[in-house]
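Following: one structure in C-alpha cells, then a few remarks.
The values are calculated or read from the model by the stated rules, or taken from the named source; none is laboratory data. The structure presented is a predicted model; accordingly, all values stated were derived computationally and were not measured. A quick note on method: Cβ atoms are made from the backbone with ideal geometry, for glycine too, and the neighbour counts reach across all protein chains shown. Ligands, DNA and RNA are stripped out before the accessible areas are found, and what is left, the full protein with its side chains, is counted by its heavy atoms. Shrake-Rupley method; radii C 1.70, N 1.55, O 1.52, S 1.80 Å.
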Amino acid sequence: MKKSILAILTVVTIAFTSCTSDTPETTPASTFVLKVDDLKGTIIDGSVTLDPTKTYTLTGGLVVKSGATLNIPAGTTIKSDPTADSKTIYIAVERGAKIFVNGTAAKPVVMTSGNAVPTEGNWGGLIICGDAKVNTGDNGTSEVGGLLYGGNNNADSSGEINYLKISYTGSKFSDSKEYNGVSFFGVGSGTKVSNIYTFESGDDAIEFFGGAVNASNLVMINSYDDSLDFADGYVGTITNVYINGISFGGVEGSNNGANDIALPMTDAKITNISIVKGTASKFTASEKAINFKEGGGKQTYTNLFVDGITTFAKLDANTGATARIAAGEFKVNGANFVTANNTTATYVTNQTGAGAGATLPSWADWTK
C-alpha cells in the first residue's frame with residue numbers, strides 16, 4: 001500500500017511539475033492608465049506595454065519610476081501634442097527603472113513631432129538615468145527632468161534601445177537648458193544600445209553623462225548644437241557612427257566642467273565614425289570635427305573620416321587638456337594628436353569612417 005501511494009504521489013508530482021514548467025511567467029500588472037490620445041504621467045509599478053497598431057499622442061512628461069518598466073514594441077509611433085507646451089513633453093526613465101525599445105529595421109520605433117510643419121525643438125526628447133559611475137558625484141540630478149542618476153554599478157541595466165527614430169527634439173527646458181535627442185545619465189554597460197537615428201535635434205543629438213554604456217550604429221542628421229557628446233567620466237566604446245549636418249562640434253568630448261582632472265576620467269573609444277559638415281550654409285561646424293573640452297579626458301578615434309572641416313579640433317587650453325594631449329591620450333587614427341598639427345589632413349587620409357566615407361553607410365539603410 002505504501003508503494004502504491006508513493007507511486008501515485010510520484011505521478012502527481014511529475015504531472016504538476018510538468019504543468020507548472022510550461023506555464024509562462026506573468027508580467028506584473030501596472031496601475032498606470034494608458035491612454036492613446038493622452039500619453040503622459042508616472043508609471044510607478046509593474047510593466048506597461050504600448051500597442052504598435054496605435055499612434056500615441058505624448059501630451060506631457062511620461063516618467064518611468066524605479067522598479068517599473070516601459071515596453072515599446074516594433075512599429076510603435078509616438079507623436080508630440082502640437083497644442084502642448086513643448087518643454088513639458090518628454091519621456092524619462094528613472095534610475096532603477098527600465099525601458100525596452102524593441103524596434104526592427106523594417107519596423108523601427110518612431111518618436112517624433114505631431115506638428116503639421118515639424119521643426120527642431122517641437123518636444124523634449126528621451127532621458128535615461130542609471131546607477132553607473134560619474135565623476136560629478138553620486139546622486140546627481142539630470143539637467144532636464146530633475147531625476148537622480150549615478151552610483152557605483154557600472155554594469156547596471158536600464159533596458160534596451162534598438163532601432164529608434166527620434167526627431168524634432170530639443171525644446172528649451174529653461175533659458176539656458178535644452179533637451180538632447182537622447183540623454184544617457186550614468187547609464188551602465190548592462191544596457192543595450194544600438195541603431196538610433198536622430199533628425200533635426202535642437203540641442204545635442206545624443207549625449208552620455210558619465211556611465212559605462214556602449215553603443216553602436218548611431219546616425220545623427222542635422223543637430224543644432226553638437227552631434228555626439230560625452231562627458232563627466234564616460235567610459236565606453238561607441239562603434240559605427242555617421243554624423244551629417246553639424247552646427248558646433250561633430251563630437252564634443254570632455255571630462256568635467258568644474259574639475260578637469262576629476263576621476264574616473266572620461267575614457268571614450270570611438271570606432272568607425274564619419275563626421276560630415278553638411279552642405280547647407282547653416283551648418284558651420286564652428287567647434288570643428290572634435291571639441292576637446294573641459295580636460296578632454298582620454299579619447300581614441302579609430303577609422304575616423306572627416307569631410308568639409310579643415311581645422312581638426314577645438315582645443316581646451318587649460319592644464320587638464322594639455323596634460324592629456326602631452327601624455328598621448330588624444331589619439332586619432334593610430335597617431336597621437338599634436339597641437340601644432342591641428343589640421344584634418346594630418347590625421348585623416350584614406351579612412352572609410354562609418355563604412356562609406358561621406359555617404360550614408362549600408363548598415364544605416366533602415367533610416368531612409
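Between 104, 169, 136, the distinction of being outside any strand (DSSP E or B), open to solvent by less than 30 Å² (accessible area, probe 1.4 Å) and modelled with pLDDT of 95 or more belongs to 169 only.
When residue 58 is tested against (1) buried (at least 22 other Cβ atoms within 10 Å of the Cβ); (2) more than 18 Å from the chain's Cα centre (by Cα); (3) closer than 18 Å to residue 204 by Cβ, exactly one condition is not met: (3).
Does residue 160 meet the test of being open to solvent by 30 Å² or more (accessible area, probe 1.4 Å), more than 18 Å from residue 184 (Cβ to Cβ) and acidic (Asp, Glu)?
no
Per-residue answers, yes or no, for (1) within 21 Å of residue 168 (Cβ to Cβ); (2) of a type in the set (A, V, I, L, M):
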site	(1), (2)
223	yes, no
231	no, yes
234	no, no
240	no, no
248	yes, no
252	no, no
255	no, no
262	no, yes
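Please go through region 270-322 and give me each residue that is hydroxyl-bearing (Ser, Thr, Tyr) and either buried (at least 20 other Cβ atoms within 10 Å of the Cβ) or in a strand (DSSP E or B) (or both), ordered by number. Residues satisfying the conditions are 271, 274, 300, 301, 302, 311. Quick one: is residue 71 outside any loop (DSSP other than H, G, I, E, B), modelled with pLDDT of 95 or more and within 27 Å of residue 213 (Cα to Cα)? Spelling it out, residue 71 is indeed outside any loop (DSSP other than H, G, I, E, B), modelled with pLDDT of 95 or more and within 27 Å of residue 213 (Cα to Cα). How many of the residues in region 214-231 are under 13 Å from the mean Cα position of the chain (by Cα) and within 17 Å of residue 308 (Cα to Cα)? So the answer is 2. Looking at this structure, is residue 66 surrounded by 11 or more Cβ atoms within 10 Å (Cβ to Cβ), over 30 Å from residue 115 (Cα atoms) and at pLDDT 95 or above? Judged against the criteria, residue 66 is a match.
Identification of strands (runs of 3 or more DSSP E) wholly contained in region 178-218 with 1 or more residues that are among the charged types (D, E, K, R) yields 192-201, 206-209. The set of residues in region 196-213 being under 11 Å from the mean Cα position of the chain (by Cα), open to solvent by 10 Å² or more (accessible area, probe 1.4 Å) and over 17 Å from residue 296 (Cα atoms) consists of 197 alone.
Table: residues versus (1) over 21 Å from residue 142 (Cα atoms); (2) within 17 Å of the chain's Cα centre (by Cα).
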{"site": "233", "(1), (2)": "no, yes"}
{"site": "247", "(1), (2)": "yes, no"}
{"site": "252", "(1), (2)": "no, yes"}
{"site": "255", "(1), (2)": "no, no"}
{"site": "263", "(1), (2)": "no, no"}
{"site": "270", "(1), (2)": "yes, yes"}
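Within region 29-37, not a single residue is closer than 29 Å to residue 209 by Cα, at pLDDT 95 or above and hydrophobic (A, V, I, L, M, F, W, C).
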